[in-house]
Amino acid sequence: MHFTSEQRLDGAVIEREFTLGEIPGILWTPGSASASAPAPLILLSPPPLGLRKTYPRLVARARHSAADGFATAAIELPGSGERPRWPAAEQARADLRRAMEAGKSVSDEIIDALILPLVDKAVPEWQVALDALLSLPEIGGPVGYSGGVISIGTRLAVVEPRISAAVLFAGSFVPRAMFEEARQVTIPLHVLLQWDDEGNDRQAALDLFDAFGSKEKTLHANMGGHTGVPQFAGDAAVQFFTRHLK
């Protein structure tokens, strides 16, 4: 892990950009004088729009989390932002746009092509990032995961034992294969669902929530579109992590 920049945000948060091989990322840690002990870590997985485009939302969540004593980190997803273009992913997105613009239902083949290769590439990268982040003296366990592309979070919850709890955003398409993986998830979950999300299959999100094998799982559904998650829903997510990571 190579740090490329550092700045203080209002004195309360230290923000450092880094690279991990070809993967760019951002780490936020509490900057107050009282933050002397290693902080628990929350992985903030962005949507596949690029870190720069989603930075305002990510840094808002990082500030909120730092106020409660959490470190947070985000990495660029494969094929997003400044990373090399991924022709197969771009083709899948083009097929998705054509289907939606034509008013057609999105086929399982398009969903699989869009999501499954992304999960296969992103999850091992998150594990490599987690290795590097936990080697830093200012960061300790336990670890939480918070993010969109719910299939990435589902896979990580199955294969990564260092993740103790997860907040998942039900705003992306779900391949049928992920339902079997969801049954293997056992960590506590807090799932956010925007009821009127124009690009999300609400029933698939509800079915996935039902499939999760966790004994503790909460579905927090609110009216509104994809980007309309209310502030109190974010507050509830931080309270969830405080219960399980502290």
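The values are calculated or read from the model by the stated rules, or taken from the named source; none is laboratory data. Here the structure is a predicted model, which is why all the values come from computation and not from measurement. Note: ideal-geometry Cβ built from the backbone for every residue, glycine included; neighbour counts use all protein chains shown. The protein model used for the area step is the full one, side chains on, heavy atoms only, and it has no ligands, DNA or RNA in it. Shrake-Rupley method; radii C 1.70, N 1.55, O 1.52, S 1.80 Å.
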Say we join alpha carbon atoms closer than 10 Å with springs in a Gaussian network model of the chain; which of T72, T54, T154 then has the biggest fluctuation?
T54
Once the dipole of the chain is set up from charges on Cβ (+1 Lys and Arg, -1 Asp and Glu), the residue from the list V119, A236, V167 lying farthest towards its positive end is A236
Suppose every K and R has +1 on its Cβ and every D and E has -1 on its Cβ; what is the size of the dipole of the chain about the Cα centre, in Debye to the nearest 20?
300 debye
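Remind me, relative contact order of the chain in percent, using alpha carbon pairs under 8 angstrom and six or more residues apart?
The value is 15 percent.
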Volume per residue (Å³) of the convex hull spanned by the alpha carbons of the chain is 115 Å³
Rounded to a whole %, the carbon-and-sulfur portion of the accessible area of the chain at a 1.4 Å probe is 54 percent
Give the lysines whose C-alpha is closer than 27 Å to that of K53, dropping any in the same chain fewer than 8 places away, or say none.
K121
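For the range 92-224, what is the accessible area per residue in Å², given a 1.4 Å probe and the full set of protein chains?
Roughly 44 Å² per residue, with all protein chains present.
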Do you know the relative contact order of the range 20-116, to the nearest whole percent, from alpha carbon pairs under 8 angstrom that are 6+ apart?
30 percent
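Over the range 174-246, calculate the relative contact order: mean separation of alpha carbon pairs under 8 Å at least 6 apart, over the residue count, as a percent.
38 percent
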Diffing the range 172-180: the Karplus 3J(HN,Hα) column from phi (6.51, -1.76, 1.60, θ = phi - 60°), in whole Hz with x for Gly and Pro, holds 9, 5, 10, x, 4, 4, 6, 5, 5
Cross-link partners of K217 among aspartates and glutamates (Cα-Cα below 19 Å; sequence separation of 8 or more within a chain)
E160, E180, E181, D207, D235
How much net charge surrounds W126 when only other residues with a Cβ under 14 Å from its Cβ are counted (Lys, Arg +1; Asp, Glu -1)?
-2
